[in-house]
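**Student:** My structure is below; once you've seen it, I'll send some questions.
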Amino acid sequence: MNQMSELNFQQADFWSKLSELLAWEGVSDAAITETVRNILADVKQRGDQAVVEYSQRFDRVKATAMAELEIPLTRAAAALESIPAEQRQALEQAAERVRRYHEHQKQESWHYTEADGTLLGQQVTPLDRAGLYVPGGKAAYPSSVLMNAIPAKVAGVQELIMVVPTPDDEVNDLVLAAAAIAGVDRIFAIGGAQAVAALAYGTETIPQVDKIVGPGNIFVATAKGMVFGTVGIDMIAGPSEILVICDGKTDPDWIAMDLFSQAEHDEDAQSILISPDADFLQKVKESVARLLPTMERKAIIETSLKNRGAMILVDDMQQAVEVCNYIAPEHLELSVDEPMEMAKQIRHAGAIFMGRYTPEALGDYCAGPNHVLPTSRTARFSSPLGVYDFQKRSSLIQVSSQGAQSLGKIASVLARGESLTAHARSAEYRLQEK
Ligand SMILES: NC(=O)c1ccc[n+]([C@@H]2O[C@H](COP(=O)([O-])OP(=O)(O)OC[C@H]3O[C@@H](n4cnc5c(N)ncnc54)[C@H](O)[C@@H]3O)[C@@H](O)[C@H]2O)c1
Ligand SMILES: N[C@H](CO)Cc1c[nH]c[nH+]1
Ligand SMILES: [Zn+2]
């Protein structure tokens with residue numbers, strides 16, 4: 001097989017080689033930007049008909065009207081009844097764990113009263129309507145339905161509009177079953193930039209939402225970036241990533257499979273292993289070569305590992321942490337004896353999986369935390385999708401007549417400093433001693 005890149009922290013050009021490896025053209029690709037811009041403008045202007053035509057072109061659906069692309073909730077309920085009992089139970093167990101975890105994230109309104117009787121605080125309210133993008137081009141993701149919808153439900157969002165592409169009209173029953181479990185309100189079999197546009201601008205059939213969340217490919221990510229401002233978005237998620245730091249004492253086959261687990265998502269997915277143990281890296285290389293032919297998505301994994309996979313030899317764990325903080329991975333596995341100690345030194349990572357018995361795959365499905373996570377080094381400034389993404393905060397201010405005296409004087413002085421006389425006089429009117 002084509003090899004993963006091999007880097008050594010000691011080599012003179014280590015950091016430039018690492019940066020090259022991390023670079024993902026993604027949302028800056030000019031041709032894709034142009035394609036997406038045109039789709040957005042067209043859907044904005046022509047609504048349903050444009051969405052139908054793009055779905056015919058990109059997803060090969062037979063529908064000729066938008067109404068045919070709405071999947072009734074009764075169909076989702078029927079899917080839930082029809083799937084194998086084992087699948088239903090797993091989805092329900094995962095949903096319950098995800099719900100329990102996200103309940104902890106719910107923010108409540110708060111206020112306090114100053115000594116002068118002035119009340120200050122924050123009122124927390126849910127979004128009215130959220131758009132959930134569930135990817136469906138190369139694979140169907142029932143787990144992403146749960147990860148998108150459950151935090152929105154916990155936040156109290158009134159209406160959830162889900163979009164999911166159904167290439168060649170293949171509707172995935174597990175995706176529908178997950179939507180039924182999570183309590184999605186409407187489902188449309190559309191995807192890509194046209195689905196993002198429909199949610200952002202609204203069409204005759206699809207209601208405009210307040211925020212669009214969820215992962216997707218380059219067309220989806222680019223479209224989300226462009227509609228931000230018209231609607232809110234959670235993040236611009238790139239291809240999946242995994243970084244494993246291992247002390248050399250975990251079974252090399254386990255680590256090879258953990259690297260495959262993200263590589264199998266996408267040719268552009270990124271899988272990196274860091275260790276201070278050169279013999280261990282060699283053993284994982286051998287595991288990769290032996291296990292790869294057994295994989296169903298062998299071609300995708302192979303391309304992904306060749307293009308964006310790497311094994312990095314460091315002198316010690318301190319260097320491993322330094323490299324990790326630079327990469328700011330979506331998923332980080334700490335396959336070491338004292339993971340909690342090491343986690344304290346990690347400043348940037350979407351999710352941290354601690355210990356040899358915590359493969360990232362458990363987090364993708366059922367551990368509880370969200371699997372929609374910041375990618376492409378954005379974990380330096382952003383966080384996992386959560387209940388907080390579906391809640392807004394309004395400041396609360398109720399000034400007492402006593403408070404108006406002291407605040408009025410301060411505001412008046414500051415307003416006159418800005419030459420804003422109306423502001424100053426508005427504050428001064430409330431002063432008892434003018
Ligand atoms: N971060 C996460 O939580 C998470 C979860 C699941 C999947 N993912 C990622 O989401 C992505 C899913 O991608 P996908 O492609 O399978 O599904 P997708 O639903 O994101 O994209 C499919 C859509 O892309 C559009 N499209 C395809 N080719 C096009 C073209 N040439 N021009 C215009 N539009 C085109 C089509 O409209 C199609 O409906 C993967 O990168 C995967 O790694 C991330
Ligand atoms: N690993 C993906 C997020 O990067 C989520 C996922 C869904 N299904 C399997 N995995
Ligand atoms: Zn995954």
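**Student:** Looking at (1) in contact (Cβ under 8 Å) with a residue 12 or more places away in the chain; (2) within 16 Å of ligand 2 (Cβ to nearest atom); (3) open to solvent by 50 Å² or more (accessible area, probe 1.4 Å); (4) over 15 Å from the mean Cα position of the chain (by Cα), find the lone condition where D315 falls short.
**Tutor:** Every listed condition holds for D315 apart from (2).
**Student:** Looking only at residues in the stretch 100-141 that are at pLDDT 95 or above and touching an Asp or Glu at 6+ places or on another chain (Cβ under 9 Å), which one is farthest from ligand 3 (Cβ to nearest atom)?
**Tutor:** L120
**Student:** If you take the residues of the stretch 328-381 that are in a strand (DSSP E or B) and away from ligand 2 (no atom under 13 Å from the Cβ), which of them is nearest to the chain's Cα centre (by Cα)?
**Tutor:** Initial filter on the stretch 328-381 (in a strand (DSSP E or B)): 331-335, 351-354.
Retained after the next criterion (residues that are away from ligand 2 (no atom under 13 Å from the Cβ)): 334-335, 352, 354.
On the way: L334: 21, S335: 24, I352: 15, M354: 21 Å.
Taking the candidates together, the pick is I352.
**Student:** Here is a follow-up. Give the stretch 214-251 a look and list any residue that's in contact with a Gly (Cβ under 7 Å, 6 or more places away or on another chain) and not in a loop (DSSP other than H, G, I, E, B), or say none.
**Tutor:** Within the stretch 214-251, I218, F219, V220, A221 qualify.
Table: residues versus (1) outside the structural domain of M354 (by the TED database); (2) at negative phi; (3) surrounded by fewer than 24 Cβ atoms within 10 Å (Cβ to Cβ).
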{"site": "G192", "(1), (2), (3)": "yes, no, no"}
{"site": "D210", "(1), (2), (3)": "yes, yes, yes"}
{"site": "T222", "(1), (2), (3)": "yes, yes, no"}
{"site": "I245", "(1), (2), (3)": "no, yes, no"}
{"site": "L259", "(1), (2), (3)": "no, yes, no"}
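**Student:** Further question on the same structure: With the structure loaded, tell me whether L385 is in a loop (DSSP other than H, G, I, E, B) and in contact (Cβ under 8 Å) with a residue 12 or more places away in the chain or whether it fails that test.
**Tutor:** Yes: the conditions hold for L385.
**Student:** Of the residues I300, I327, I346, only one is touching a strand residue (DSSP E or B) at 6+ places or on another chain (Cβ under 8 Å) and open to solvent by 10 Å² or more (accessible area, probe 1.4 Å); which?
**Tutor:** Going through I300, I327, I346 in turn, the sole match is I346.
**Student:** Additional query: I'd like the full set of residues that are surrounded by 18 or more Cβ atoms within 10 Å (Cβ to Cβ) and assigned to a loop (DSSP other than H, G, I, E, B), limited to the stretch 152-187.
**Tutor:** The answer is V157, V164, P165, T166, N172, V184.
**Student:** If you check D279 against the conditions, is it open to solvent by 10 Å² or more (accessible area, probe 1.4 Å), closer than 18 Å to D247 by Cβ and part of a helix (DSSP H, G or I)?
**Tutor:** Yes; evaluated as a whole, the condition is true for this residue.
**Student:** Just the residues that are of a type in the set (G, A, S) and open to solvent by less than 20 Å² (accessible area, probe 1.4 Å), please, taken from the stretch 352-390.
**Tutor:** G355, G363, G368, A379, G386 - these are the residues of the stretch 352-390 that are of a type in the set (G, A, S) and open to solvent by less than 20 Å² (accessible area, probe 1.4 Å).
**Student:** Count, please, the residues in the stretch 1-14 that happen to be open to solvent by less than 90 Å² (accessible area, probe 1.4 Å) and either free of Cβ contacts under 8 Å to residues at least 60 places away in the same chain or closer than 28 Å to A299 by Cα (or both).
**Tutor:** First, pick out the residues of the stretch 1-14 that are open to solvent by less than 90 Å² (accessible area, probe 1.4 Å): 1-2, 4-5, 7-9, 11, 13-14.
Those still in the list that are either free of Cβ contacts under 8 Å to residues at least 60 places away in the same chain or closer than 28 Å to A299 by Cα (or both) too: 1-2, 4-5, 7-8, 11, 13-14.
Residues that pass the stated criteria total 9.
**Student:** Please indicate, with yes or no, whether at least one residue in the stretch 406-420 is open to solvent by 30 Å² or more (accessible area, probe 1.4 Å), touching a Pro at 6+ places or on another chain (Cβ under 9 Å) and on the phi < 0 side of the Ramachandran plot.
**Tutor:** Looking through the stretch 406-420, none of the residues is open to solvent by 30 Å² or more (accessible area, probe 1.4 Å), touching a Pro at 6+ places or on another chain (Cβ under 9 Å) and on the phi < 0 side of the Ramachandran plot.
**Student:** Somewhere in the stretch 255-271, is a residue part of a loop (DSSP other than H, G, I, E, B) and more than 16 Å from ligand 3 (Cβ to nearest atom)?
**Tutor:** Scanning the stretch 255-271 turns up no residue that is part of a loop (DSSP other than H, G, I, E, B) and more than 16 Å from ligand 3 (Cβ to nearest atom).
**Student:** Determine which single condition L199 fails, assuming it passes every other condition in (1) assigned to a helix (DSSP H, G or I); (2) in contact with a helix residue (DSSP H, G or I) (Cβ under 7 Å, 6 or more places away or on another chain).
**Tutor:** Here L199 clears every test but (2).
**Student:** Moving on to the next point. How do the strands (runs of 3 or more DSSP E) wholly within the stretch 54-151 filter down when requiring 2 or more residues that are surrounded by 21 or more Cβ atoms within 10 Å (Cβ to Cβ): which remain?
**Tutor:** Working: elements: 110-113, 119-126, 129-133.
Result: 129-133.
**Student:** If you take the residues of the stretch 388-418 that are of a type in the set (S, T, Y) and closer than 30 Å to A115 by Cα, which of them is nearest to ligand 1 (Cβ to nearest atom)?
**Tutor:** Among those residues, the one meeting the criterion is S394.
**Student:** Of (1) more than 26 Å from E264 (Cα to Cα); (2) within 13 Å of ligand 1 (Cβ to nearest atom), L385 satisfies all except one. Which?
**Tutor:** (1) is the only condition that L385 fails.
**Student:** Can you find a residue that is away from ligand 2 (no atom under 16 Å from the Cβ) and of a type in the set (A, V, I, L, M, F, W, C) anywhere in the stretch 42-49?
**Tutor:** Looking only at the stretch 42-49, we keep the residues that are away from ligand 2 (no atom under 16 Å from the Cβ), and these are 42-49.
Filter once more, so that each one left must be of a type in the set (A, V, I, L, M, F, W, C): 43.
Yes - at least one qualifying residue is present in the stretch 42-49.
The values are calculated or read from the model by the stated rules, or taken from the named source; none is laboratory data. The shown structure was predicted, so the numbers you read here are calculated from the model rather than taken from an experiment. Cβ sites come from the backbone with ideal geometry, for glycine too, and all protein chains shown count toward neighbours. We work out accessible area using only protein heavy atoms, side chains counted, and drop any ligands, DNA or RNA first. Shrake-Rupley method; radii C 1.70, N 1.55, O 1.52, S 1.80 Å.
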